[in-house]
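Have a look at the structure below, then the notes.
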Amino acid sequence: NLGVLLLHGRGVAQDIAKAMEYFGEAPRIAPAMVQLARYALQEGKGNTALHFAEKAARLHDPMGMYLQARLLLEKGEERQGAMIMRRAATADVPDAITSMVVVYEKGLGVTKDAGLAAGWWIVDQVLIQGHTLEESEAAIERFNLSKADKNQAIRFARKWLLKRVAAQQFDYTKTLNFLDVRRI
């Protein structure tokens, strides 16, 4: 919690370096590992960011999963990156959902699949962009899909959205309470 206060200058002078020291002393607390990964990314330290993102992902933090997947994809470890990105997308991380379009469009670690790319695009449009399902389905014409791929995209998106259990996103700017730590 001292790290959060220092990072955001809440009640104390902002001191990012000191905040990172405190986060480093909390290796079993996923939000601290996410903050360290983000800081390492800002500093251009990709391997360090991956290290902390992996720790957060092992603690089942969806943002940690997303960061780990993103970094793995950037390193060229596409198969593992795509697998973890899918887990992050399933956990409702907006950037991961958006990334799944690119993963399938370009075939990053998966077989290139225009139907699934369009399906993830529909999911993104509904959940992230706030469009209706009908608007999103009509807009997939931009993908120039075959009829079979178009049907696959619509079936995938509808099924995914129906099965989805909305996850509450963690607020990394808040201090932790007993229940947050207890889950860990």
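Rule-based calculations on the coordinates, nothing more; no lab input. Remember, predicted model here, so these are calculated numbers, not experimental data. Cβ sites come from the backbone with ideal geometry, for glycine too, and all protein chains shown count toward neighbours.
What Kirkwood radius, in Å to one decimal, follows from the Cα pairs of the chain?
Working: mean 1/r = 0.0569 Å⁻¹.
Final number for the Kirkwood radius of the chain is 17.6 Å.
Within the listed set Ala118, Ala138, Ala19, the Gaussian network model of the chain (springs between alpha-carbon atoms below 10 Å) gives the highest mean-square fluctuation for Ala138.
Largest first and in whole Å, the equivalent-ellipsoid semi-axes of segment 16-59 read 14, 13, 6, each the square root of five times a Cα gyration tensor eigenvalue. Extension gain, Gln169-Glu141: 0.36 nm per intervening residue step, less the Cα-Cα distance, totals 6.9 nm.
Kirkwood radius and radius of gyration were both taken over the C-alpha atoms of segment 1-97, and their ratio Rg/Rh is 1.01. Please find, in a Gaussian network model of the chain (springs between Cα atoms separated by less than 10 Å), the residue of Ile122, Ile140, Ile84 whose mean-square fluctuation is greatest. Of the options given, Ile140 has the highest mean-square fluctuation. Couplings 3J(HN,Hα) of segment 39-56, computed from phi: 4, 4, 4, 4, 7, x, 9, x, 5, 5, 4, 4, 4, 6, 5, 4, 4, 5 Hz, in residue order, whole Hz [Karplus 6.51 cos²θ - 1.76 cosθ + 1.60, θ = phi - 60°; x for Gly and Pro].
Here the 3J(HN,Hα) profile of segment 2-13, calculated from phi with Karplus coefficients 6.51, -1.76 and 1.60 at θ = phi - 60°, is 4, x, 5, 4, 5, 4, 9, x, 8, x, 9, 5 Hz, Gly and Pro shown as x. For the pair Asn47 and Glu134, the difference between a 0.36 nm per residue extended length and the Cα-Cα distance amounts to 27.1 nm.
What whole-number volume per residue, in cubic angstrom, does the convex hull of the C-alpha atoms of segment 80-157 give? Please report the intermediate quantities before stating the final value.
Values: hull volume 5.9 nm³, N = 78.
Convex hull volume per residue, Cα atoms: 75 Å³.
Using a 10 angstrom cutoff on alpha carbons, build the Gaussian network for the chain and name the most mobile of Leu71, Leu116, Leu133. In this elastic network of the chain, the residue with the biggest mean-square fluctuation among Leu71, Leu116, Leu133 is Leu133.
Descending by average beta-carbon neighbour count within 10 Å, the peptides 149-156, 105-112 line up as 149-156, 105-112, the highest first. Across segment 133-144, rounded Karplus estimates of 3J(HN,Hα) from the backbone phi angles (6.51 cos²θ - 1.76 cosθ + 1.60, θ = phi - 60°) give 4, 5, 4, 5, 5, 5, 7, 6, 4, 4, 7, 6 Hz, Gly and Pro being marked x.
Using Cα pairs closer than 8 Å and at least 6 residues apart in sequence, work out the relative contact order for segment 1-125, in percent. Walk me through the numbers on the way to the answer.
Values: 195 pairs, mean separation 16.5, N = 125.
For segment 1-125, the relative contact order is 13 percent.
With r as the distance between the Cβ atoms of Arg155 and Leu5 and R0 = 30 Å, compute the FRET efficiency 1/(1 + (r/R0)^6) and round to 0.05.
Values: r = 48 Å, r/R0 = 1.59.
Given R0 = 30 Å and the Cβ-Cβ separation, E is 0.05.
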